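The values are calculated or read from the model by the stated rules, or taken from the named source; none is laboratory data. The structure presented is a predicted model; accordingly, all values stated were derived computationally and were not measured. So basically every Cβ, Gly included, is an ideal-geometry build from the backbone, and we count neighbours across all protein chains shown.
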Amino acid sequence: MSILLAGAKPLGGKAVDVLIEDGTITGVGAKLAASNRPDERIDCSGLVLLPGFVDLHTHLREPGREDAETVATGSAAAALGGYTAVHAMANTNPVADTAEIVEQVARLGERAGLVDVRPVGAVSKGLAGQELAEIGTMARSAAAVRIFSDDGRCVHDSRLMRRAFEYAKAFGGVIAQHAQDPRLADGSACCHEGEVSGRLGLAGWPAVAEESIVARDVMLAEHTGSRLHVCHVSTGGTVEVIRWAKARGIAVTAEVTPHHLLLTCDLLSSYDPVFKVNPPLRPDSDVQALRAALADGTLDAVATDHAPHAPHDKDHAFGDAAFGMLGLQTALGVVAESMVSTGLLNWAGVADRMSVRPAAIGGLVTHGRPIEPGEPANLTLIDPDGSYTVDADALASKSRNTPFAGRTLPAAVVATFLRGRATVRDGKLVDGIPA
Amino acid sequence: MKHLLSAADVDRDEATAILDTATRMHAIQDREVKKLPPLRGRTIVNLFFEDSTRTRSSFEIAGKWLSADVINVSAKGSSVSKGESLRDTALTVAAMGVDALVVRHNASGAVQRIAGWVSGCSVRAVVNAGDGTHEHPTQALLDAYTLRNRLGDLEGRHVVIVGDITHSRVARSNVLLLHTLGARVTLVAPPTLLPSGVATWTCETSWDLDATLSGKAFGDVDAVMMLRVQRERMSGGYFATEREYAINYGLSPQRLDMLAEHVPVLHPGPMNRGLEISSVAADSPRSVVLDQVQAGVAVRMAVLYRLLAGAEEEVAV
């Protein structure tokens, strides 16, 4: 099976032909079309070719909440969003804290076959924050887990965090922290603490609850000589801490979500829980700081924190509704609007932050690769001049909780290739939306 | 005005009209037969997700004196834990052919959400009877009514509100409405009980009750409103002890003496005697606590009347 991508622009550069044969890129150059007879030729004029996106932070809800999302439907949403690999967070039911569960999630991903599903293992048993989960067994399992996280909850006990850092070194693991001091921002905290929370009477989630944990964790990472990844950075203060830590040579990486790059806490005036997310939306000054930090590389990656929820978990008063919003299918458009249209990143920069660096953080060797002969054909073809109007009812996810409904976002995913096989063509799933 | 969700929903004319209507409604409290016909055949549901005695009965009496059929629905206990969404609960009640919903909920913004969901139903009006730590607009209206009876026009009047501002829906609605009516407001609380962003509100703030009451900080005082302080705030570290709170922020007899002759003392109730208000203050001639309760019925009659009977009709009293 061979496919010729005719006249595509790798990383937004000069238009060339790219030949894919049996899952591998075998040729990149001008006029490949003339010398080859591919099984299929795709006219890519005007289109940009990027390495397939890698999401470090996806909630696929299976096992446990298959009414909100399954590995299959989440994989479909990912493919439509231009992703070729996702990291499935551990806060399922049961929690992914044993080899059996992470292997099950990996198998479900293989069966769906739309993206590589890489399970994230829990740091603590049952996400309870008390005892270490079987990190070593998960790392050595068939799922070969590399990222460990109690995401949704913070590993707030300093001693447990220290042990996790030390212990994970033996398996080349990285601890991904959901930074939220539960004493400063407990479960009821749902709105950035500031003018909006005071006016609306919503429980405040202060920036310092994130920043103080990140400050502690970078010091622990330095002390233990281990690796820290900071999930969903939401404040300018956290950016400053990470910038300082990186300058000091501490092994820290960090991600930012698309929604924190575009939306602000002013949206909460509607009390619509579609805007309820953890960490919360922040003021515009934080949004601008996050964009600048993603542009200069202080923040390494865009990660969606795709968090599907059934309607009956959102149809409540703001404080009672579930945290989280969908993100996979809208990530490219949001990044294009917040980073590319603003001139902060070019397409090579987008490839770096949405594919190359997240793949490196997750230890994925076949994703986030250069577009060169001999490399695996995990690729995303996008139309930089296209647009995508978000129709919540048309999303591949089982859930509808997108905060971008009705918005028209720039750029559009045209096709996604997983090991040379098109999972998405013309912006549609090749095999349709899974049941 | 379609709904009354926030004190910000009423402009000065509307607020004045409600208070004027309430004055006429108030007259019937002295009658032997306390019944007016305008809401005959209308159904009002008091949908209360949170315990309340005074607000619920006040709305109930107000509706009944206007001849509406009033039904109390207690939906206490989080609908989340029952497995029913708030939307389901609201639509179920609305589907019964209700004309108005009077809603209290322990979560901020819940009433606004419900008003959105029932917009396609027979429900013509939704009244916020207190949502979480957000707003309680009819309380602000009855406070304004009480103040107006004591002080006349509120333009330029200085009202001091003391207590747990952070968690007070009464304070939020009062700051909005008193500003609308031209009054000046000073909020007094320890720093732990002043909400974030309060500097952007249309009021002054102070940590010093004595400097405020004496007029040294923000000028002469025309009214003092003491707010209930929940004892559980102590465990949250908002203040040290009840004793210390009473010493620093309680309306003691000494502080009562600092006030000018004309200054009334308000409290939305229920009072913690000995904590935020001394018995001497609570029982003094300055205390208008029971006037507030009376005003509550008249003001809620006025609100229900204006929402359901239409502002254009004159009250036949």
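Is one or more of the residues making up the range B:224-236 basic (Lys, Arg) and in a loop (DSSP other than H, G, I, E, B)?
Within the range B:224-236 (the criterion being basic (Lys, Arg) and in a loop (DSSP other than H, G, I, E, B)), the answer is yes, since at least one residue qualifies.
Select from the range A:198-236 the residues that are farther than 23 Å from residue A:59 by Cβ, among the basic types (Lys, Arg) and away from every other protein chain (no Cβ under 14 Å) and list them in ascending order.
The answer is A:216, and nothing else.
Does at least one position in the range A:195-203 carry a residue that is outside any helix (DSSP H, G or I), under 30 Å from residue B:112 (Cβ atoms) and β-branched (Val, Ile, Thr)?
no
Tell me which of these residue B:138 doesn't satisfy, since it passes every other one: (1) surrounded by 22 or more Cβ atoms within 10 Å (Cβ to Cβ); (2) away from chain A (no Cβ under 14 Å); (3) outside any helix (DSSP H, G or I); (4) not acidic (Asp, Glu).
Status for residue B:138: all satisfied but (3).
Quick one: residue A:204 ticks every box in (1) farther than 24 Å from residue A:304 by Cβ; (2) touching a residue at least 24 places away in the same chain (Cβ under 8 Å) bar one, so which box is it?
Tallying (1) farther than 24 Å from residue A:304 by Cβ; (2) touching a residue at least 24 places away in the same chain (Cβ under 8 Å), residue A:204 fails exactly one: (2).
Report, by residue number, each residue of the range A:22-61 that is among the small types (Gly, Ala, Ser) and not in a strand (DSSP E or B).
Across the range A:22-61, the qualifying residues are A:23, A:30, A:33, A:34, A:35, A:45, A:46, A:52.
In this structure, is residue B:115 closer than 17 Å to residue B:73 by Cβ, part of a strand (DSSP E or B) and not assigned by TED's automatic domain parsing to the domain that holds residue B:161?
In short, no.
Under 9 Å by Cβ, and 6 or more places apart or on different chains, what pairs join a residue from the range B:112-126 that is without any contact (Cβ under 8 Å) to a residue 60 or more places away in the chain and within 8 Å of chain A (Cβ to nearest Cβ) with one that is of a type in the set (Phe, Trp, Tyr) and buried (at least 19 other Cβ atoms within 10 Å of the Cβ)?
Close Cβ pairs satisfying both conditions: B:113/A:271; B:113/A:318.
Looking at this structure, is residue A:163 out of contact with any helix residue (DSSP H, G or I) (no Cβ under 8 Å at 6 or more places or on another chain), touching a residue at least 24 places away in the same chain (Cβ under 8 Å) and of a type outside the set (S, T, N, Q)?
yes
For the range A:162-188, how many residues are crowded, with 23+ Cβ neighbours inside 10 Å and within 14 Å of another protein chain (Cβ to nearest Cβ)?
Number satisfying all stated conditions: 1.
Considering each of A:274, A:241, A:287 in turn, give the residue that is within 14 Å of chain B (Cβ to nearest Cβ), in a helix (DSSP H, G or I) and either touching a Lys or Arg at 6+ places or on another chain (Cβ under 6 Å) or of a type in the set (Val, Ile, Thr) (or both).
A:274
Look at residue B:204 and say whether it is in the same structural domain as residue B:152 (by TED's automatic domain parsing), among the acidic types (Asp, Glu), without any contact (Cβ under 8 Å) to a residue 24 or more places away in the chain and surrounded by 15 or more Cβ atoms within 10 Å (Cβ to Cβ).
Yes.
Out of B:169, B:148, I need the residue that is closer than 30 Å to residue B:96 by Cα, of a type in the set (D, E, K, R) and in contact (Cβ under 8 Å) with a residue 24 or more places away in the chain. Which one?
B:169
Give B:199, B:240 a once-over and let me know the one that is free of Cβ contacts under 8 Å to residues at least 60 places away in the same chain, exposed (fewer than 14 other Cβ atoms within 10 Å of the Cβ) and under 30 Å from residue A:283 (Cβ atoms).
B:199
Tell me yes or no: at least one residue of the range B:174-183 is within 13 Å of another protein chain (Cβ to nearest Cβ), in a helix (DSSP H, G or I) and modelled with pLDDT of 95 or more.
yes
What number of residues within the range B:259-290 are surrounded by fewer than 17 Cβ atoms within 10 Å (Cβ to Cβ), outside any loop (DSSP other than H, G, I, E, B) and not β-branched (Val, Ile, Thr)?
3
Just to check your reading of the model, which residue among B:99, B:153 is within 23 Å of residue B:72 (Cα to Cα) and surrounded by fewer than 24 Cβ atoms within 10 Å (Cβ to Cβ)?
Step by step, each of B:99, B:153 is checked, and only B:99 is within 23 Å of residue B:72 (Cα to Cα) and surrounded by fewer than 24 Cβ atoms within 10 Å (Cβ to Cβ).
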